[in-house]
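A short write-up of the structure that comes next.
The values are calculated or read from the model by the stated rules, or taken from the named source; none is laboratory data. Since this is a predicted model, take the numbers as computed values, not measurements. We place every Cβ from the backbone using ideal geometry, glycine too, and count neighbours over all the protein chains shown. Surface areas here come from the heavy atoms of the whole protein model, side chains and all, with no ligands, DNA or RNA. Shrake-Rupley method; radii C 1.70, N 1.55, O 1.52, S 1.80 Å.
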Amino acid sequence: MKTITASAENAYKKRKKSAWKELKNQKYLYYMSIPFVLWVFVFQYLPLWGWTMAFQKYKPGVGFFEQKWVGFEHFRTLFGDEHFYQVLRNTLAMSFMGLIAGFIVPVVFALLLNEVRVQALKRFVQTVSYLPHFVSWVVAAGIVTKMLSTDGGVVNDILLGLNLIDQPIQFMAQGHLFWGIVTSADIWKETGWNAIIYLAAISGIGPELYEAARVDGASRWRQIWHITLPGIRPTMIVLLIMSIGHLLGTGFEKQFLLGNHLVIDYSEVLDLYALNYGLAMGRYSFGTAINIFNSVISLVLLFAANGIFKRFTNESIM
């Protein structure tokens with residue numbers, strides 16, 4: 001028994017010594033990571049202290065210990081508001097549409113672009129495709145609005161020229177079209193940028209695999225299906241899990257800039273709801289409660305998606 005205990009202690013000491021040795025050898029890497037760790041702590045974790053506002057009847061200018069604590073009153077108000085469920089519907093609808101399209105389209109685009117053999121054309125298409133990512137949503141929304149305009153809008157002009165419609169369609173005034181417009185605008189803006197990481201993953205696949213497949217008589221489609229897609233599957237799964245974790249975090253820029261009072265029943269999302277009925281009305285505690293709901297649901301979705309993919313595909317981010 002004493003021999004076993006002594007062996008365990010020696011093994012522990014060796015592991016500890018090895019860990020300290022590794023830390024010492026890589027100390028400069030740890031030094032380089034300190035600013036980033038501090039940045040994450042200051043801007044991501046320190047603000048969580050503000051979540052206490054959701055359990056208070058917060059009043060600006062009043063000390064923390066002098067605030068009135070109201071428990072879950074703001075959450076009861078939130079879940080008792082019928083308008084909240086309409087906003088949640090809009091958020092989930094646009095999020096799911098963006099998740100599906102934003103996952104499939106960049107993968108397909110990367111696969112097609114990888115098959116282009118003329119390098120000059122390939123670089124040109126890739127550059128043109130990711131340039132919209134660097135355009136602010138203010139400019140992008142203006143471009144989309146002008147393209148869909150009834151007065152000289154290119155979309156209406158094409159539809160009229162092809163005799164598909166008799167008169168211009170007011171796209172920006174049709175609530176049932178708003179979700180599709182937002183999703184399409186997001187795809188146009190982000191597809192090229194999101195495809196970069198898939199192209200990088202494809203470039204990491206060994207060329208000898210493709211050479212062996214061609215020797216065996218595999219077509220380009222078979223090479224994509226049996227080599228390229230399995231080769232980038234880990235990257236696809238990791239990005240999909242992260243996207244699911246941000247399912248409710250659609251932001252508000254697209255909806256705020258493309259929306260109007262005619263389509264507000266379809267355009268208002270959780271972030272806009274928090275802005276309009278929380279901050280704009282001085283209800284800071286209510287706005288914080290909305291943010292907590294958003295964060296908790298996102299965290300649950302992230303862990304659920306990670307667990308499911310880890311169980312069935314052995315791929316995960318944790």
Requested in this report: Using a Förster distance of 25 angstrom, determine the FRET efficiency expected from the C-beta separation of residue 242 and residue 67, and round it to 0.05.
Outcome: 0.10
**Report entry** Environment charge at residue 228 (Cβ cut-off 12 Å; Lys +1, Arg +1, Asp -1, Glu -1)
**Finding:** +2
**Report entry** the chain: calculated mean residue ellipticity at 222 nm from DSSP helix runs of at least 4, using -39500 (n - 2.57)
**Finding:** -21500 deg cm²/dmol
Query raised in the report: Dipole of the chain (Lys/Arg Cβ +1, Asp/Glu Cβ -1, origin at the Cα centre): which of 317, 26, 239 lies farthest to the positive side?
Result: 26
Query - Per residue accessible area in Å² of region 70-310, where ligands, DNA and RNA are left out and the probe is 1.4 Å - result: 54
Requested in this report: Determine the relative contact order of the chain: mean sequence separation of Cα pairs under 8 Å and six or more apart, normalised by residue count, in whole percent.
Outcome: 24
Report summary line: Out of 199, 83, 169 - ranked by how far each Cα lies towards the positive end of the dipole of the chain, with unit charges on the beta-carbon of charged residues - the top one is 199
**Report entry** Karplus-derived 3J(HN,Hα), 6.51/-1.76/1.60, for each residue of region 238-246, Hz, glycine and proline x
**Finding:** 4, 5, 5, 4, 5, 5, 5, x, 9
Query raised in the report: Share of the chain's accessible area from carbon and sulfur, percent, 1.4 Å?
Result: 66
**Report entry** Pairs from 122/146; 21/310; 24/310; 146/189 whose Cα-Cα separation, in the structure shown, is over 22 Å
**Finding:** 122/146; 21/310; 24/310
**Report entry** Separation between Cα centres of region 208-256 and region 20-58, rounded to whole Å
**Finding:** 32
Query - Cα-based Rg of the chain normalised by 2.2 N^0.38 Å, two decimals - result: 1.32
Query raised in the report: To the nearest 20 debye, what charge dipole does region 98-210 have about its Cα centre, counting +1 at the Cβ of each Lys and Arg and -1 at the Cβ of each Asp and Glu?
Result: 280
Report task. Could you let me know the centre-to-centre spacing of region 60-126 and region 141-173, using Cα atoms, in angstrom? Result -> 27
Report task. Just name one of 185, 93, 113: the one whose Cα is farthest towards the positive end of the charge dipole of region 70-310 (beta-carbon charges, Lys/Arg +1, Asp/Glu -1). Result -> 113
Report summary line: Taking every other residue with Cβ under 13 Å from the Cβ of residue 241 and scoring Lys and Arg +1, Asp and Glu -1, one gets +2
Requested in this report: Name the residues whose placed amide hydrogens come within less than 5 Å of the amide hydrogen of residue 56, ignoring near sequence neighbours (fewer than 5 apart) on the same chain.
Outcome: 70
Query raised in the report: Using the Cβ atoms and a cut-off under 12 Å, what net charge is assigned to the surroundings of residue 54, where Lys and Arg are +1 and Asp and Glu are -1?
Result: +2
Requested in this report: With only Lys, Arg, Asp and Glu charged, each at its Cβ (+1 for the first two, -1 for the last two), find how big the charge dipole of the chain is about the Cα centre; round to the nearest 20 debye.
Outcome: 1940
